[in-house]
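The values are calculated or read from the model by the stated rules, or taken from the named source; none is laboratory data. Quick caveat: nothing in here was measured; it's all calculated off a predicted structure. Counting neighbours? That spans all protein chains shown, and the Cβs are built from the backbone with ideal geometry, glycine included. These accessible areas exclude ligands, DNA and RNA; they are computed on the full protein's heavy atoms, side chains included. Shrake-Rupley method; radii C 1.70, N 1.55, O 1.52, S 1.80 Å.
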Amino acid sequence: MLRTPFILLSGLIALPMISAAVVLWLALTQPFLGLHLVPQEGAAVVAGRLDDGPSAGLRFGDRLVALIPGGGAPLAISAEDVIEEPDGLPTVAAMQEMFAHSGALDAALRAGPVELVVARDGAELALPVRPGDMRPMSDLPGVFWVQLLVGLSAVWIGGWVLAVRRREPAAAWLALSAVGLMASSHAAALYSTRELALPEMVFAFASAVNTGGALAFGIGMICLFLVYPVRYLPRWAVWLPVAVFGTWAVLAVLRLTVTSVMTIHLPVLIEMICILVAATAQVVVTRGNPHARAALRWFGLSVTLGAGGFVGLIAMPQAFGMEPQISQGHAFGLFLIVYAGLAVGVARYRLFDLEFYAFRMLFYAGGVALLLLLDAALVYAVTMDRFPAFSLALLVVAFLYLPARDELARALGGRRATTTEELLDLVSGVALAQGAAAQRDKLHELLTVLFQPMEITRAPQQVDAPVLREGGAAMDLPGIDAVESTRMKWSHRGRRLFSARDAQRVAAVLQMAAQVIERRRAYEAGAEEERRRINRDMHDNIGVQLLGALHSRDPGRKDALIRQTLTDLREIVSTPAGEVVNMADLLGDLRAEISEHLSAADVALDWAQDAGLPDGPVAPHVANSLRAILREAASNVLHHSGAGRAQVALTMRPGAGGAPRLMVRVSDDGRGLAAAQAGPWARGLSPAAALSNGVS
């Protein structure tokens, strides 16, 4: 049982590799003549040969007339024996005769030395040839490898989609079309690049597989466009093309049809028409669905160019009895457009709802496949020993392929990597912008760099986290600080849709911005609190000391107070927090300070404190509050009361919950200050502020 997408993908990667290995083995085990033969004016003409090959005695332009096996009757050779595609013959009977004749030629070549009868300069010559037992890999033409690559790519990409979305019908139909294309291209690779002949059964079987694979590809593509991007027909209707073309395929594979047109050319042409009709119907039914339209536009175009190009260049001319315009093997390369377009469409438009993680799975599996292919190529093509070949292949994969895979994925997806410095600069710009308008502009700049959306607007409703809308065509973002919720539409200038990965990324970026904003607010709150502290301390400390200097009649004392004031001013500005002091030391210093200030104005001080006051450490904020209260009281006595004596009493009383509380009472014998005289300009500690600092 296949339990994970990776296991399923691994199996689907192995399938075309096994198929390619079988085709390669069959191609290499053909008798080898060292000739390149082409059909020309009804004859097989030598278009190329190896100088040191078995047929070195032949010349360019020689026309093969017959092959004479040792002790046997001559076997005629004509242009039909070297045509690329037997489907070009008019009837199934002619195809079967060709397979039988090819089998006879193959058997004669495998039996041993033969004579090739060639027409040269108006005369016929019989040249002895000893065919090689194996065809060198280097002799296989480039078109052979193109057809193998088409089959490999189709199943790998189709299997990749099926592995990730195996429960979706569209993925299954795509996989069917991929397997059909692999069967068709691999079979064609074997017989279309043969040197002269193949065994009859191998040739006939490969031709039948080619026919069945081509029709299976068409069935898969028709059904795919019936259900994707949206299903627009009843479920039973999808099976109608399966029944019709499936029956046709069985008849064609069993060679129960009469003509080649009925066997392959006409059904392939009709299938292509059905693909175009099904895709056109999708255009109609996906009106108003931008997600479906995006998927259809990209994938439909690639299928039309790839499959339509093959049909137009190969199937259609043969259906009307004309020669194809290009080699069938090269025409198979057009199908790479289909699957390359599918891969890019997955990256940019999330075709089949595949996320970016699917690319990682594909590339890791592709790395394993590349390792095996390189190892095999080094062993069999370069004749390198097994261990060094594997080691070299491993180095290539590790140092070239793996580092490049993520760059390739980003290139397919249209993603530009944003450096950490750029991201931090953009996020800081959002967090530090002053005002909603400036912050909104900075946020739009950040989103433009990350996603290049075609449109950024205010979201219709508030959201708490990034939400994908319209199937990924849009994404709503939560508000941040002074900016309301935002909507982005069409990522990367409309080249792809937003994905769950994009939502996770923008959520992380917005969280980063929120943290910077929170730190900015904490800094601003701290700075404001520090300004208040400096203001309070200057009012309470500096004011008292300046009043003491003002009322002092002794110039020396006045200078000392001013110098002390300047020292305290520097401490207030440069010292953000006080040090922990003992209660006894604090009260002693305050008594001396207050007494000195009052005596300078001829005000006597009576200081009384309980003998049982604790002599423990006092928290900085409590000490600051106590200093502020007493200094403010002394300032009021000097400034407002006109008193001749002041009293300070400090006692300990139990507070709420039994906690000890220091009670401070300041009084004088002056005139006081009426409540009506106090105004909004009054400064100093309010009773509530003093109580909040632990002093009452």
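Summary of values
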item: Residue-level accessible surface for residue 164, protein heavy atoms, 1.4 Å, Å²; result: 20 Å²
item: Qualifying trypsin sites (Lys or Arg not before Pro) for the range 419-483 [loop in DSSP, other Cβ within 10 Å: at most 15]; result: none
item: Candidates per trypsin sites (Lys or Arg not before Pro) in the range 15-77, loop by DSSP, up to 14 other Cβ within 10 Å; result: 59
item: Net charge contributed by nearby residues that have their C-beta within less than 12 Å of residue 105 (K/R +1, D/E -1); result: -3
item: Heavy-atom accessible area ranking, 1.4 Å probe, most first, across 274, 223; result: 274, 223
item: 424, 336, reordered so the largest accessible area comes first (probe 1.4 Å); result: 424, 336
item: Percent of Cα pairs exceeding the 12 Å cut-off, where the set is the range 117-161; result: 75 percent
item: Approximate shape of the range 169-300 as ellipsoid semi-axes (Cα gyration tensor, √5λ), whole Å, largest first; result: 32, 15, 11
item: Surface share of carbon and sulfur [accessible, 1.4 angstrom probe, percent] for the range 191-253; result: 78 percent
item: 476, 52, reordered so the largest accessible area comes first (probe 1.4 Å); result: 52, 476
